[in-house]
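Below is one structure, written out as structure tokens, with a few remarks after it.
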Amino acid sequence: MEFKNKKVLITGASRGIGKATALAFAEKGAKVGLNFRSNLEEAQKTLAELPGTEHQLFQTDIGQKKNCQTLIDTFIRAYGQLDILVNNAGISIFHEIDSVDFEHWAHAWETTFQTNLFAAANLCYWGAKAMMQTGGGRIVNVSSRGAFRGEPTKPAYGASKAALNAMSQSLAKKLAPHNIYVGVVAPGFTETEMAAITLTPAERENLLRESPFQRMAQPKEVAHAILFLASDGAEYSSGTIIDVNGASYLRS
């Protein structure tokens, strides 16, 4: 897979899956725009690690509706066109229905959907409009196995990712005549910096038992699937959802 001089925008790109995806695209010759919300120090570290030149940081909170158009417009001014959009940014908030008050419950749903679904939808809108002007492009949305197996401790997260899947497949049908191809990658639990900080030893052990590989996914493995869907030759895979969960959850 080669992406020489392709212009790629990745949201949530300062660390984890977003960082691994940025590195993978840059290694293949792409010019990468790294969107992040607040962690400037981490974003600058990621930028410094990218091979090649002309990569840039784009700091904005995509959870604010007006910022989505601004982000796409700013990217276009910087690079001239948008070839590949990767909607990776996402949040999850614990809100178990039998233990939280209604204010916490409602806040979790509103905040989760604002970032995980509405921001992605808005960026798809403005990103697709830009791609239509230049003959087409690729959109890859990062979902989760939680969209299929359920998330009892954070149901808004699972619901937002299920909605993201449905939206992506609807757009794959609608945008195909415009030479815009839309795919989804649905990772299981991934070995990120955040996982290392937040997981207890017992939680980690339980996660390791879920997969016959006895490990979690590595961010670069998720990135590999993202690059496939964004690559030339993957056009007829538009509408596909690729599971990257180490056979920890198998769906028919």
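Bear in mind that the values in this text are calculations on the coordinates, not laboratory data. None of these values were measured; they are calculated from a predicted model. Note: ideal-geometry Cβ built from the backbone for every residue, glycine included; neighbour counts use all protein chains shown.
Restriction of the GluC sites (Glu not before Pro) in region 184-252 to DSSP coil positions whose beta-carbon has at most 10 other beta-carbons within 10 angstrom yields no sites. The calculated FRET efficiency for Ile93 paired with Glu49, based on their beta-carbon distance and R0 = 25 Å, is about 0.25.
Here the Karplus relation 6.51 cos²θ - 1.76 cosθ + 1.60, evaluated at θ = phi - 60°, turns the backbone of region 39-45 into coupling constants of 8, 4, 4, 5, 4, 5, 5 Hz, with x for every Gly and Pro.
Each helix, a run of at least 4 DSSP H residues, gives -39500 (n - 2.57); summed and divided by the residues of the chain, these come to -14000 deg cm²/dmol at 222 nm.
Applied to region 173-185, the Karplus parametrisation 6.51 cos²θ - 1.76 cosθ + 1.60 on θ = phi - 60° returns per-residue 3J(HN,Hα) values of 5, 6, 8, 4, x, 9, 6, 10, 10, 10, x, 9, 10 Hz, with x for Gly and Pro.
With R₀ fixed at 35 Å, the C-beta to C-beta distance from Arg209 to Met132 puts the FRET efficiency at about 0.15. Normalise the Cα radius of gyration of region 4-50 by 2.2 N^0.38 Å (N = residues in it) and let me know the number. Taking N as the residue count of region 4-50, the ratio is 1.01. The packing ranking of peptides 211-218, 180-187, highest mean first, is 180-187, 211-218, where packing means the average number of other beta carbon atoms within 10 angstrom of each residue.
Shown is the FRET efficiency for Glu110 and Ala202, computed with R0 = 35 Å from the Cβ-Cβ distance and rounded to the nearest 0.05: 0.65.
For the listed residue pairs Lys4/Lys65; Lys45/Lys129; Lys7/Lys129; Lys129/Lys173, the alpha carbons are over 25 angstrom apart in Lys4/Lys65; Lys45/Lys129. Check Val182: other-chain or 5+ apart residues with amide H under 5 Å from its amide H, H built from backbone geometry? Residues meeting the amide H criterion: Ile139, Gly239. For region 210-227, backbone phi angles converted through the Karplus equation (6.51, -1.76, 1.60; θ = phi - 60°) give residue-by-residue couplings of 5, 9, x, 6, 6, 7, 8, 5, 8, x, 5, 6, 5, 4, 4, 5, 4, 5 Hz, Gly and Pro being listed as x.
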